[in-house]
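Report on the structure given below.
Read-outs throughout are calculated quantities, based only on the coordinates presented, and are distinct from any laboratory measurement. In this text, all values refer to a predicted model and were calculated from it rather than measured experimentally. All Cβ positions, even for glycine, are placed from backbone atoms using ideal geometry, and neighbour counts span all protein chains on display.
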Amino acid sequence: MQTLLNALCAEEGIICVVGAGGKKTTLYRLAEAHRGKLAITSTVLVPPFRSRLRAFPVIAEIPDLPARVAEAAREQDRIAYAGPIRKPARHAGVPAGMITSLHQDCGFQLTLVKGDGARLRLAKAPNATEPVFPSRTDTVIPLVSVRILGQPANGDRIHRIEEFCEVTGAAPEEPVTPEHLARLIASERGFLQGTGDRRVVPVINMVETTRERELARSAAEQALERCDRLERVVLAAMEQDQPIVDIIRR
């Protein structure tokens, strides 16, 4: 079995995690698995960084942030940085260009970035302004939860339900199928939106039962048939000790 970093093509560079169904857990698992000089941040609102990261926190006004991060990076190997905000239990996102500059100037081997929000839903499709990637992003990891399959397509479970229905062809309240997920994964208005020529490694997360694995595999195989750009789709259970369930390749 491949390591998590290798399976998600996240061993070095700037890695952006987007979509729904386990972004924060995925970012933290990647951070825990990496042993080099690391930064973790976000281009959008983000909850306070968890202590389990064992990363030095740098929360500063955006104009002051580069100097503060650079100062910390001279002594710290793991840094979590963001801007302040008056909303409770949130930090502000960092401009995408600043993330690129800090990755290069501070000598980070890996910078992990949360690139959009999903309001704790199981799935999402992006709107016209999402996601927000640093220009030098190496790998984009879009997520969706397998638990959306069989659930009605509505806003209780899906963020940006109108966009989701447009991209997948699902009717409102129709049960979500593997074919719907395949369309989301393979679409230029879904998982591929804004990715350009960046490497994309889709993840179907929360795959914990035999049935979920069968359904996720079906969605992954259909997505690969639809899109020549994708080399693999990873089935995962990011809350489990062994997060990689399977890797479906072209």
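Enumerate by residue number the GluC sites (Glu not before Pro) in region 55-110 meeting two conditions: DSSP loop (anything except H, G, I, E, B), and at most 14 other Cβ atoms within 10 Å of the site's Cβ.
61, 75
Just the number, please: Stokes-Einstein D of the chain in µm²/s, Kirkwood Rh from C-alpha pairs, 37 °C, 0.692 mPa s.
181
Give me the percent relative contact order of region 121-250, please, defined on Cα pairs under 8 angstrom at least 6 residues apart.
For region 121-250, the relative contact order is 25 percent.
Rounded to the nearest 500, what is the 222 nm mean residue ellipticity of the chain from helices alone, with -39500 (n - 2.57) per DSSP H run of 4+ residues and division by all residues?
The per-residue figure over the chain is -8000 deg cm²/dmol.
Excluding residue 52 itself, what net charge comes from residues whose Cβ is under 12 Å from its Cβ, given Lys and Arg +1 and Asp and Glu -1?
Surrounding charge for residue 52 is +4.
Would you mind listing how long region 102-240 runs along its three principal axes, going by Cα atoms, in whole Å with the largest first?
Principal-axis extents of region 102-240 (Cα, largest first): 48, 32, 29 Å.
Once you list every other residue whose beta carbon is under 12 Å from the beta carbon of residue 249, what net charge do they have if Lys and Arg are +1 and Asp and Glu are -1?
Charge balance in the 12 Å sphere: 0.
Just want the answer: with Cβ charges of +1 for Lys and Arg and -1 for Asp and Glu, which residue in 72, 155, 176 is farthest toward the dipole's positive end in the chain?
Of 72, 155, 176, it is 72.
Pulled fully out, how much extra length does the chain show between residue 3 and residue 89, if you take 0.36 nm times their separation in residues and subtract their Cα-Cα distance?
Difference between extended and current length: 27.7 nm.
Using 7 Å Cα-to-Cβ label points, what is the residue 136/residue 250 separation (nm, one decimal)?
2.7
What full-extension length gain, to one decimal in nm, is calculated for residue 61 and residue 198 as 0.36 nm per residue of separation minus the Cα-Cα distance?
Values: separation 137, 0.36 × 137 = 49.32 nm, distance 2.99 nm.
Contour length minus Cα-Cα distance gives 46.3 nm.
Quick one: of the DSSP bridges fully inside region 121-250, what percent are antiparallel, nearest 5?
Expressed as a percentage, antiparallel bridges in region 121-250 total about 40.
For the ranges 208-216, 234-242, what's the packing order if you count other beta-carbon atoms within 10 Å of each residue, average per peptide, and put the highest first?
234-242, 208-216
Treating the beta-carbon of each Lys and Arg as +1 and of each Asp and Glu as -1, no other charges, what is the dipole magnitude of the chain about its Cα centre, to the nearest 20 debye?
540
Quick one: length gained pulling residue 162 to residue 119 fully straight, 0.36 nm per residue minus the C-alpha distance? Display every interim value, and only then the final one.
Values: separation 43, 0.36 × 43 = 15.48 nm, distance 1.53 nm.
Working it through step by step, the gained length comes to 13.9 nm.
What share of the DSSP beta bridges in the chain is antiparallel, in percent to the nearest 5?
20
Once label points are set 7 Å from the Cα along Cα→Cβ at both residue 211 and residue 239, what is their separation, rounded to one decimal in nm?
Result: 1.7 nm between the two label points.
Determine the relative contact order of the chain: mean sequence separation of Cα pairs under 8 Å and six or more apart, normalised by residue count, in whole percent.
Working: 556 pairs, mean separation 54.1, N = 250.
This gives 22 percent for the chain.
What percent of all Cα-Cα pairs in region 1-119 falls in each 5 Å bin, counting up from 0?
2, 12, 24, 26, 22, 10, 3, 1, 0
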